[in-house]
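Notes to accompany the following structure.
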Amino acid sequence: MLNDDKQFLKLRNKWKEVLTGGENINLSDEDVLLKVNEIEREAKMYWNSIQKSEATKSLWSDLSNELPEKNTYESYERLEKMVMAFCIKGSGLRNNEALKTVIFDVLEWLYEKCYNENNELGQEWFYKMGIPMKINNIVIMLYDILPAEMIAKYMKAVLAFSMDSSYHGISTACNRVWRCLVIIMHGIITKSAERISFGIHELLDKSGLVFEYAEEGDGFYKDGSFIQHKDIAYNGGYGTSYIHTLAHILYIIHDSEWDIDRHYYKMFFDIIRNSFVPFIYKGQIMDMTRGREISRKDCTAHKAGHIVTEGIIIATKFADEANLNFMKGMIKYWIEAGTYVSFYKNATVFAIEEAKKIVNDTSVMPGEVQECHKQFIAMDKVVHLRKGYAFAVSMFSDRIANFESINYENIKGWHTGDGMTYLYNNDLSQFDDNYWITVDSKRLPGITVDSGTHIDENHQPKNIVQFKPKYYNLDSFTGGTSVAGRYGVCGINMYSEGCTLSSKKSWFMFDDEIVCLGSDINSSDNRKIETIVENRKVNTNAVLTIDGQSESFNKPWNKSFVHIKWAHLESGIRGADIGYFFPQGGEIETKFESRNGNWAEINKWYGDATNYTRNYISLSFNHGKNPVNQKYAYAILPNKTKEEVKGFALNPSFEIIENSSFVHAVRHNKLNITGANFWHDSVRSAGGITCDRKASIMFMIADGKVELSVSDPTHKNDGYIHVELNLSASHIISLDPRIEVEALSPVIKIKVNVKDAKGSTARIVLGM
């Protein structure tokens, strides 16, 4: 074992290498050199623009004086960049004495004026976690030249807030990981084995839900969901920081005397597989899991995906063989497929070097999209993955909020959980490239909406609704089920906030088509109600074809079509065309428009007033004013050519069995799959299924077997769901212990105990 001084030296050097890339970085690599030059360029800019202000306690005039804690954090962030340029190999500022003098001066100024043990700021993330993490990084990089007395007082300030016991009880999941990183790094810097041990203890403590699956509220769930702030889906927000930060902690302590038991590593790798891999499509992480971070200009879905990728790259340094091979394959695939924004643009020098080793290793086979259907029942989200596309549905309930808007962020997130649908394909810029500031926030794809009901924080109320930071559904029916791990149905009985609009909405997801049904669309507010089939960002070279009639995008237009059968959007990007099929017709409104917006309109903290313009094409059902029991039906056909969509409309692969206030049911004739949402606690039959309670049900017949799955989307049923299939079976192949078989012939009869099931699926497979 290393003696104490060498052990602390080893840990400090590992962390410094992570921050700067170490002494062996390859400056002949173009991406490494670009990153080093970028660090140097930014450091010079910050150095040359320092303007101390005693009145505002600010070092840079462009930082917000309204938010002193954010101002201080960003000051340390800029200082960290200057320190990095001073330390990193290849920088023209390396060991620059004039820069060193400025760095020391700024450190002292910030300590005296902004952050010390007696100066508690407002928003606690900044002074308990954000600022301490930056101070620790700076001290680690400068450790060998920073006077001991300076280190001591900066660490005294960090200690004053990081060891605050009152924060222990409310710091969970990602917040706990951040807190523990601060404590562990403080221990490494101050050579305190006791403090490092305390940080590890806090990390492993079950109350922190870092290595413990959650049953409610914050944390990771066994189904892959991740929740922060009690009711917000956050895999792609707080979750990215969780995986990135925890990977770094585990890497630093790995093979030291503070290393942890391997079963914790196992859970960490399981979380990577279940809670992150399904949400990353060609390098970007799905926006429906990013909470209010969608409104941050410099935190795009691609950048968030790169943060996760970087965390997983770090995790390869301590992974077992099975997880190592899997992770390397996915890393290689994401980096190579993510052509819209290069991974290397957002990565650290250390991560670039490690990523290049993986990408250039010919023995590593690239992973690929794992075709599957995933129901993330704990957070009301669904992901449907295929080789050529990914489809996702973002719902909410009386358990999960539909959006979060706090700290002046995500001001227009009103409808992002109202059944918004995301179609990912080869148009990798679709939900990037200023999407969230230019898309009509009241007309998001997939939603049924009264667009006249919401305002933001800055204006007088329109109609009847004041701004709220989040909304909940008045009904509990939100969820679904799946068969074969590949196909699924989900639905929501939705009551919109602040108006009388209500609707029942279902999605049936197969291989080449997603069938969307809606019924019970009611409103009495005398305002137009729409269901938004599509609202997609397009280039002017795109073409929309409706029943054979083509519309180009050279100027804005708004047109209505009656009895429409099919539409096709040619995007101009290979692998990004989309077809739309309308099996029951309807009045469809189409609109091509140029829309303007800026990030300050949706985020005061992380936005600016620069205006951007993007073009959009939308298709929508017009339900009129004060609709009564209106309905809709359409199918999305990803990656279909115009001719394929036209042929599909003549010979569709599915049929709608029922679209009523009682049942939504669809049968896919080629796959021999039937799915249904039963909306009431009463006996009802549709598509060969009879059910007596609210339920999502799907069955599939293949290879002489029938697979039947059942769930209670309400999470409220404390008894049984009785199900009959108008089929007979000969024997049981497998069944969930919650299922009791009452008969196999002449019809299949089962009852499913859904008490405490929390929306999960019970499944049975029978031989026919």
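The values are calculated or read from the model by the stated rules, or taken from the named source; none is laboratory data. All values reported here derive from a predicted model rather than from experimental measurement. All Cβ positions, even for glycine, are placed from backbone atoms using ideal geometry, and neighbour counts span all protein chains on display. Ligands, DNA and RNA are stripped out before the accessible areas are found, and what is left, the full protein with its side chains, is counted by its heavy atoms. Shrake-Rupley method; radii C 1.70, N 1.55, O 1.52, S 1.80 Å.
Of note:
- Partner aspartates and glutamates for residue 52 [C-alpha distance under 12 Å; skip if fewer than 8 residues away on the same chain]: 62, 105
- Pairs beyond 22 Å (Cα-Cα), from 282/604; 222/749; 16/81; 591/625; 387/442; 156/206: 282/604; 222/749; 387/442; 156/206
- Assigned charges on the beta-carbon of Lys, Arg, Asp, Glu; the chain dipole about Cα centre (debye): 880
- When the helices of the chain are scored as -39500 (n - 2.57) per DSSP H run of n ≥ 4 and the total is divided over every residue, the value at 222 nm lands at -9000 deg cm²/dmol.
- Nonlocal amide H pairs with residue 209, under 5 Å, H built at 1.01 Å: 173
- Screening the chain for DSSP H helices whose Cα atoms reach 18 Å or more along their own axis and whose mean Kyte hydropathy is at least -1.0 gives 30-48, 68-87, 97-113, 148-162, 174-190, 238-253, 301-315, 321-337.
- Once the chain from residue 336 to residue 77 is taken as fully extended at 0.36 nm per residue, the excess over their C-alpha distance is 90.2 nm.
- Taking 0.36 nm per residue of sequence separation and removing the Cα-Cα distance, the residue 747/residue 363 pair yields an extension gain of 132.9 nm.
- For segment 215-248 versus segment 717-768, the inter-centroid distance based on Cα atoms is 33 Å.
- Ranked by the mean number of other Cβ atoms within 10 Å per residue, highest first, peptides 546-555, 376-385, 442-451, 264-273 order as 376-385, 442-451, 264-273, 546-555.
- Heavy-atom accessible area per residue - segment 309-405, 1.4 Å, Å²: 32
- Between segment 28-46 and segment 623-656, the alpha-carbon center distance in angstrom: 51
- Taking 18 Å as the straight-line reach from the Cα of residue 35, the aspartates and glutamates in range (excluding those fewer than 8 positions away in the same chain) are 17, 23, 77, 80, 298, 310, 353, 354.
- Förster radius 45 Å - calculated FRET efficiency between residue 101 and residue 123 (Cβ-Cβ, nearest 0.05): 0.90
- Probe 1.4 Å - accessible area at residue 643, Å² to nearest ten: 120
- With a 1.4 Å probe rolled over the protein heavy atoms of all chains, the accessible area of 371, 216, 409 falls in the order 216, 371, 409, largest first.
- Efficiency of FRET from Cβ geometry, residue 230 and residue 266, R₀ 35 Å, rounded to 0.05: 0.80
- Placing a label point 7 Å from the Cα of residue 10 along the Cα-to-Cβ direction, the residues of segment 222-254 with a backbone N closer than 14 Å are 251-254.
- Percentage relative contact order, the chain, counting C-alpha pairs under 8 Å, at least six apart: 8
- Note on residue 191 and residue 563: the extension gain reaches 126.4 nm, defined as 0.36 nm multiplied by sequence separation minus the Cα-Cα distance.
- Loop sites in segment 76-123: GluC sites (Glu not before Pro), DSSP, at most 15 other Cβ within 10 Å: 117, 120
- Residues of segment 676-768: accessible area per residue with a 1.4 Å probe, Å²: 43
- Protein accessible area in the chain, 1.4 Å probe - carbon and sulfur %: 47
- Separation of alpha-carbon centers, segment 288-359 and segment 401-452, rounded to whole Å: 24
- Residue 683-residue 705 FRET efficiency (beta carbon distance; Förster radius 25 Å; 0.05 resolution): 0.40
- In segment 650-697, Cα pairs under 8 Å separated by at least six residues give a relative contact order of 28 percent.
- Based on protein heavy atoms only, segment 486-538 ends up with 19 Å² per residue of surface accessible to a 1.4 Å probe.
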